[in-house]
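Undergrad: Mind having a look at this structure? Questions to follow.
The values are calculated or read from the model by the stated rules, or taken from the named source; none is laboratory data. Here the structure is a predicted model, which means the values were calculated and not measured. Note that each Cβ is placed from the backbone with ideal geometry, even for glycine, and that neighbours are counted across all protein chains shown. Just the protein is used for accessible areas: all its heavy atoms, side chains included, with ligands, DNA and RNA removed. Shrake-Rupley method; radii C 1.70, N 1.55, O 1.52, S 1.80 Å.
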Amino acid sequence: MKILKIPVLCLIAVFMLQCTVDRFDVVIINGTVYDGEGNQPVQTNIGIENGLIVKIGKNISTKAAVVIDAGNKIVAPGFIDIHTHCDGQVLREGMNTVENYLKQGVTTVVTGNCGGGTYEVEKFYSHLDSIGIGTNFVHLVGHNTIRNKVMGMEDRAPTDEELAEMKKLVIKGMDEGAAGISTGLFYTPGIYSSTDEVVELAKIVKKYNGLYATHLRDESNYSVGLEEAVKEALTVGEQTGVRVEIAHIKALGKPVWGMAERICSLIEQARERGVHVYADQYPYNASSTGLSGAVVPSWVRAGGGMRDRLNNSELLPQIKTEIAENIERRGGPESLVIVSYRGNKEYEGKNLLEISRIMDRTPVETAIKLILEGSPGIVSFNMNDDDVVHFMKKDYVMTSSDGHIEVPGDGKPHPRCYGAFPRKIRKYVLEDKILSMEQAIKAATSMPAGMIGISDRGSIQKGQIADIVIFDPETISDIASFNEPHQYSTGVEYLLIRGDLVIENGEYNGKLAGKPLRINKD
């Protein structure tokens, strides 16, 4: 009897192990799995339970509530968009699904960029918790926001007391779960700050192991020039040790076309010195911003006095001269396309030259009139394709959209809001063969996860949270164009957020599976 007892117990143990381990919530089979770390893909299966990846291998039981056959499809970590402005719309009715990002395979968006993020992070996150959200959200405290709160639009250095107050607001945001701080040094009031001011605030962020994301002081030759602006960002990293993210890296405008190689050399030298610096990029040759920010000189916008100065007959000749220079810097009036204008919807989709002919005014006079009457948003075709590719090929450049939440409707938003991630795969991996699939996926997954400082997402590994995208390489594509931007991307067949299916057979099922990620708190 004792001899027979051991094998019987073993059989019972094996049976119990199979019952407890090899039964999953979701099983993905037959997929070509890219781990997000840049390694070669493998044909394997993935078992998911309680929102986690619990098993990877070919011999996985298909005893599961949901079995996804990913044959002939690519399985990858859910994409992380390191640079968005989704906080501008997510609280509006019907915008919290963030469907235009889900359809791109994005499971996490980073908000608060270009200096515009709130420092009241817990208030923002609690609101997101209450309404539900389609993607995960990560947030950055905005330098422009806190400077405006403390100093208004003043063009001067802060007093010691004011700097101390700004530090308190950064601390508040970081304590409440922000991932770092962002600056918009091209915009007011950030443009009025010194490097020393930014360094002092970045020191606070470093104590929290946060990141510093910067819209450079100059991406062209508006003021200090592109090269000096990059050096400033590197100085912040060198003096503080903080992780530096150069936002939407580009050489904007004809005067700096061809500078990508020089800029990358500066970054690579800094990396060799130990500066932790990366960049992000959207895969287009056109940017998007407000018309006033693009063409009106910063001194005209200072202190909130832009409207008065634009109506000042004594200042107007000088203002017009500088606006003309800025229009030309961005490629001329035909390169500035109005995408949103509350003054006259018929102007949306037309460029500044076309509108100037309709108004029978010069392009400069037209720009001033549009700004005074409707504060238009623009798309500006101002980049050289060779520069775009040069930046993209670097192993420290992450994918981003620099976009915001959109739902199909009016207006002519930048198509990056609907198509940045599929476009990079379709055009630059599959068609032009500029990048490998491994590199493109890494730039959208483990790289931004590391930059944010999250270790439980961004790769396909046992124990990771099951944020996973499954896409068809034959059909993945950005459909949105500059003329017809309101079109969802195709090719994302399945999308899981914490193991919960939100896209099935290419269609969004309406689930709000995302959540705000309180960094260093969750």
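Undergrad: Taking the Cα-to-Cβ direction at Lys393 and at Ser455 and moving 7 Å from each Cα, how far apart do the two end points lie in nm?
TA: The answer from the label model is 3.5 nm.
Undergrad: While we're here: Calculate, for the chain, the solvent-accessible area per residue in square angstrom, rolling a 1.4 angstrom probe over the heavy atoms of the protein chains.
TA: Ligands and nucleic acids excluded, the figure is 40 Å² per residue.
Undergrad: What do you get for trypsin sites (Lys or Arg not before Pro) in region 333-430 restricted to DSSP loop and a cutoff of at most 15 other Cβ within 10 Å of the site's Cβ?
TA: For trypsin sites (Lys or Arg not before Pro) across region 333-430 that sit outside H, G, I, E and B with at most 15 neighbouring Cβ atoms in 10 Å, the list reads Arg342, Arg361, Lys393.
Undergrad: Could you tally the net charge around Pro41, taking each other residue with its Cβ under 10 Å from the Cβ of Pro41, Lys/Arg +1 and Asp/Glu -1? Walk me through the numbers on the way to the answer.
TA: On the way: positive: none; negative: Asp35, Glu438.
Around Pro41, the charge tally is -2.
Undergrad: If you don't mind, there's one more thing I want to ask. Within the chain, what's the longest stretch lacking GluC sites (Glu not before Pro) that sit in DSSP loops with no more than 11 other Cβ atoms inside 10 Å?
TA: Here the longest run is 94-313.
Undergrad: Could you work out the local net charge near Gly303, counting Lys and Arg as +1, Asp and Glu as -1, over the other residues with Cβ closer than 15 Å to its Cβ?
TA: Residues close to Gly303 contribute a combined charge of +2.
Undergrad: Tell me whether region 149-275 comes out rounded, prolate or oblate; compute the Cα gyration tensor, take square roots of the eigenvalues as a ≥ b ≥ c, and use a/c under 1.5 as the rounded threshold.
TA: Oblate, because a/c is 1.5 or more while a/b does not exceed b/c.
Undergrad: If you don't mind, there's one more thing I want to ask. Between Glu346 and Asp129, what FRET efficiency follows from the Cβ-Cβ distance if R0 is 45 Å, with the result rounded to 0.05?
TA: About 0.65, to the nearest 0.05.
Undergrad: Determine the sum of side-chain charges near Gly173: Lys and Arg each +1, Asp and Glu each -1, restricted to other residues whose C-beta is under 14 angstrom from that of Gly173.
TA: Net charge around Gly173: +3.
Undergrad: What does the helix-only formula give at 222 nm for the chain: each DSSP H stretch with n ≥ 4 adding -39500 (n - 2.57), the total divided by the residues, and the result rounded to the nearest 500 deg cm²/dmol?
TA: Calculated from helices alone, the mean residue ellipticity at 222 nm is -10000 deg cm²/dmol.
Undergrad: Hey, how many Å between the Cα centroid of region 339-403 and the Cα centroid of region 294-322?
TA: A separation of 19 Å, based on Cα centres.
Undergrad: How much of the DSSP beta bridge set in the chain is antiparallel, as a percent to the nearest 5? If you can, show how the numbers build up before the last one.
TA: Working: 36 of 69 bridges.
For the chain, the DSSP antiparallel bridge percentage is about 50.
Undergrad: Roughly how far apart, in whole Å, are the Cα centres of region 182-201 and region 29-69?
TA: What the calculation gives is 45 Å, centre to centre.
Undergrad: With a ≥ b ≥ c the root eigenvalues of the C-alpha gyration tensor of region 407-471, is it rounded (a/c under 1.5), prolate (a/b larger than b/c) or oblate?
TA: Values: a/c = 2.32, a/b = 1.43, b/c = 1.63.
Taking the square roots of the gyration eigenvalues as a ≥ b ≥ c, region 407-471 is oblate.
Undergrad: How high is the relative contact order of region 194-319, given as a whole-number percent (alpha carbon pairs under 8 Å, six or more residues apart)?
TA: Result for region 194-319 is 21 percent.
Undergrad: Still on this structure, I have one more. What are the trypsin sites (Lys or Arg not before Pro) within region 212-257 that DSSP puts in a loop, where the Cβ has at most 13 other Cβ atoms within 10 Å?
TA: Values: sites: Arg217, Lys231, Arg243, Lys250; in loops: Arg217, Lys250.
Answer by residue number: there is no such site.
Undergrad: Between Leu266 and Glu334, what length in nm is gained on full extension when 0.36 nm per residue of separation is reduced by their alpha carbon distance?
TA: Separation in residues times 0.36 nm, less the Cα-Cα distance, equals 21.2 nm.
Undergrad: Could you tell me the relative contact order of the chain? Use alpha-carbon pairs under 8 Å, at least six residues apart, and round to a whole percent.
TA: 21
Undergrad: Specify the angular offset, from 0 to 90 degrees and rounded to the nearest 10, of the alpha carbon long axis of helix 316-329 from the longest principal axis of the alpha carbons in the chain.
TA: 40
Undergrad: Tell me the label only: which of [x] 44, 25, 21; [y] 63, 27, 18; [z] 96, 52, 24 is semi-axes √(5λ) of the Cα gyration tensor in Å as calculated from this structure?
TA: Here the calculated entry is [x].
Undergrad: What's the center-to-center distance, using Cα atoms, between region 223-255 and region 108-152 in Å?
TA: Going from one Cα centre to the other spans 23 Å.
Undergrad: Here's another thing I want to ask about it. Taking only Cα atoms, what is the 0 to 90° angle, nearest 10, from helix 160-175's long axis to the longest principal axis of the chain?
TA: 30
Undergrad: Which of the three applies to region 299-349, rounded, prolate or oblate, going by the alpha-carbon gyration tensor with a ≥ b ≥ c and a/c under 1.5 meaning rounded?
TA: Because a/c hits 1.5 or more and a/b fails to exceed b/c, region 299-349 counts as oblate.
Undergrad: Given a 1.4 angstrom probe, I'd like the percentage of the accessible area of the chain that is carbon and sulfur, rounded to a whole number.
TA: 48
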